[in-house]
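Below is one structure, written out as structure tokens; comments come after it.
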Amino acid sequence: MSTSTEGGDLHRVDLTPITRRLTAALSAARLVGLVKRDDEARERWADVYGELTEGVPGLLGAITGRAEAQVMRFAMLFSLLDSAKEIGLVHLDAALEVWRYCAASAAYIFGHATGDPIADTILSALRDSPAGLNRTQIRDLFQRHASGARIDGALELLRSAQMAESSGTSTGGRPAEVWKVRQKRHKRPKPSTPTPLVASDAFVAVPDDHEVMW
């Protein structure tokens, strides 16, 4: 069988061209001072920065936080691998695509989790109940194995994470509190002008024994 399709013969592959390119890129990177975005990359960054910094609720938000810093680090690495002195649009676009894949993978695994088992159980039940659940129905999910205070804390977690919301429903007497999955809101408009970067606008590529400015 052809080793080109079956693999397993990496030791026979001549990696010299790749190692030479990486060595050359590393040598060039050690001579670079400040690495800034060029005009096209700066314009694209202004467009995507608001979305990158938009908070995501729950465990997914904790995992994918600081997206803007991660994207810019990727972009800088791509520019240095190209032995470029500026971060170009092609480098930024490549970094955004890498982050899109990372974020999508994290969302597939953790998208509906808060990290709290009580809150996650309630959220799963709410997703299966479009009409919502009242307090008694939520309490019965745990067959009295979760205290009222514990359930209250879980519901407040879901509310603060914007994953669930409550409303009062008339029952002829005291209004019943009904909880439902919160519908997604439209994203806020992207800023028309660049939002100040959390990290520095410029990055430094220097030898390993020097501090790198992030």
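Brief remarks on what is shown
- Exactly one residue out of Arg144, Arg135 is modelled with pLDDT under 90 and open to solvent by 20 Å² or more (accessible area, probe 1.4 Å): that is Arg144.
- Considering (1) more than 27 Å from Arg44 (Cα to Cα); (2) out of contact with any Ser or Thr (no Cβ under 8 Å at 6 or more places or on another chain); (3) modelled with pLDDT of 85 or more, the lone condition that Ala95 does not fulfil carries the number (1).
- Test: Arg73 is assigned to a helix (DSSP H, G or I) and open to solvent by 80 Å² or more (accessible area, probe 1.4 Å): no
- Of the candidates Glu54, Glu68, the single residue that is under 13 Å from the mean Cα position of the chain (by Cα) and outside any helix (DSSP H, G or I) is Glu54.
- The one condition in (1) assigned to a helix (DSSP H, G or I); (2) at pLDDT 90 or above; (3) in contact with a helix residue (DSSP H, G or I) (Cβ under 8 Å, 6 or more places away or on another chain); (4) farther than 30 Å from Ser27 by Cβ that Leu59 fails to fulfil: (2)
- For segment 39-56, the set of residues classified as touching a helix residue (DSSP H, G or I) at 6+ places or on another chain (Cβ under 8 Å) and open to solvent by less than 70 Å² (accessible area, probe 1.4 Å) consists of Ala41, Trp45, Val48, Tyr49, Leu52, Thr53, Gly55, listed by residue number.
- For segment 112-129, the criterion of being among the aliphatic types (A, V, I, L, M) and open to solvent by 60 Å² or more (accessible area, probe 1.4 Å) is satisfied by no residue at all.
- Residues located in segment 72-102, provided they are within 12 Å of Asp38 (Cβ to Cβ) and without any contact (Cβ under 8 Å) to a residue 24 or more places away in the chain: Ala84, Val90
- In segment 23-38, the residues that are among the hydrophobic types (A, V, I, L, M, F, W, C), in contact (Cβ under 8 Å) with a residue 40 or more places away in the chain and either open to solvent by less than 50 Å² (accessible area, probe 1.4 Å) or in a helix (DSSP H, G or I) (or both): Ala24, Ala25, Ala28, Ala29, Val32, Val35
The values are calculated or read from the model by the stated rules, or taken from the named source; none is laboratory data. Because the structure is a prediction, the values reported are computed rather than measured. Neighbour counts are summed over all protein chains in view; Cβ atoms, including those assigned to glycine, are modelled from backbone coordinates with ideal geometry. What goes into the accessible areas is simple: the full protein's heavy atoms, side chains included, and nothing from ligands, DNA or RNA. Shrake-Rupley method; radii C 1.70, N 1.55, O 1.52, S 1.80 Å.
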